[in-house]
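A.B. asks: Could you have a look at this structure, given as structure tokens, before my questions?
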């Protein structure tokens, strides 16, 4: 069986920055302990487990907003995740006297600045992103005149202000084009700033380029990760390749490998590289076990 290791894959710069920020806080004796994180610092369970073993407390509850999660924290230092944060969260942390470390990805910060700048100029903001994703939640909290659009049907009607469109940095490259096209058809004078980050763009394009004459593609990562899910969707729907999203080597089902001659492997931008390497090594050795 031929194994294609798709690159680039693994940690992007924003994920690396966020994980480093937490580990540095753990090891810095001048930082008030314990170290807390609101939501997942990045969307990967293995990363969260590793940080938990270092004493980091991750606060995550699907029934609570990040603003509400602060109520459970009385002391220590709070690290804000790579996805960006509602300004009211920062304000509440300050009011409670809690120290704060902001690990927001630089690409996300750039998009948030565009939103604030254009809103201050009188523009209505259309933000293309996933409902309930932390980056999208933070983005739509920044200004008043903004709508979250996940699909073309979500585009609001009868906007009278000039319009500025931008997006979640990990949105699907294959989905965003049709949404933007629909916005322009409805509002021809719209300003567009497509902000899919390079890490997302390169990983998605690499899947499209690599999955030629491939029988099976494994995407390694956490199902909670938007960029990971998008890789699997692109592999399945765009390249028409049989695709499995697995968290680690334990997710491989021998039945999927039956009659497979060529298999490709990639991973989300928040997936530790060792997990992907274990999958690749298993597949490389699989023929030997036949």
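A.B. asks: Roughly speaking, what is the stretch gain from residue 178 to residue 117, that is 0.36 nm per residue apart minus the C-alpha to C-alpha distance, in nm to one decimal?
C.D. replies: Full extension of this stretch gives 19.4 nm more.
A.B. asks: Rounded, prolate or oblate: which fits the chain when a ≥ b ≥ c are the square roots of the eigenvalues of the alpha-carbon gyration tensor, with rounded for a/c under 1.5 and prolate only if a/b beats b/c?
C.D. replies: Cα axes put the chain in the oblate bin.
A.B. asks: Further question: Within 10 Å, count the other beta carbons around each residue, average over each peptide in 154-165, 192-203, 224-235, and list them highest first.
C.D. replies: 224-235, 192-203, 154-165
A.B. asks: How much length, in nm to one decimal, is gained on full extension between residue 95 and residue 20, taken as 0.36 nm per residue of separation minus their Cα-Cα distance?
C.D. replies: This chain segment gains 24.4 nm when fully extended.
A.B. asks: Taking square-rooted eigenvalues a ≥ b ≥ c of the alpha carbon gyration tensor, is region 13-104 rounded, prolate or oblate, where a/c under 1.5 means rounded and, failing that, a/b exceeding b/c means prolate?
C.D. replies: Rounded.
A.B. asks: Just 22, 260, 79 to compare: in a GNM of the chain, with alpha carbon springs under 10 Å, which one fluctuates most?
C.D. replies: 260
A.B. asks: For the pair residue 57 and residue 258, how long in nm is the line joining their label points, each one 7 Å along Cα→Cβ?
C.D. replies: The answer from the label model is 5.0 nm.
A.B. asks: Under 1.5 on a/c is rounded, so check that first for region 107-192, then, if it is not, pick prolate when a/b is larger than b/c and oblate when it is not; a ≥ b ≥ c are the square roots of the alpha carbon gyration tensor eigenvalues.
C.D. replies: Oblate, because a/c is 1.5 or more while a/b does not exceed b/c.
A.B. asks: Which value at 222 nm does the chain reach when only helices count, each DSSP H run of 4 or more adding -39,500 (n - 2.57), with the total divided by all residues and rounded to the nearest 500 deg cm²/dmol?
C.D. replies: Using -39500 (n - 2.57) per qualifying helix, the result is -11000 deg cm²/dmol.
Throughout, read-outs are computed from the coordinates displayed, never taken from laboratory work. Keep in mind that what you see is a predicted model, and the values were worked out from it rather than measured. When we count neighbours, we look across all protein chains shown, and the Cβ atoms used for this are built from the backbone with ideal geometry, even at glycine.
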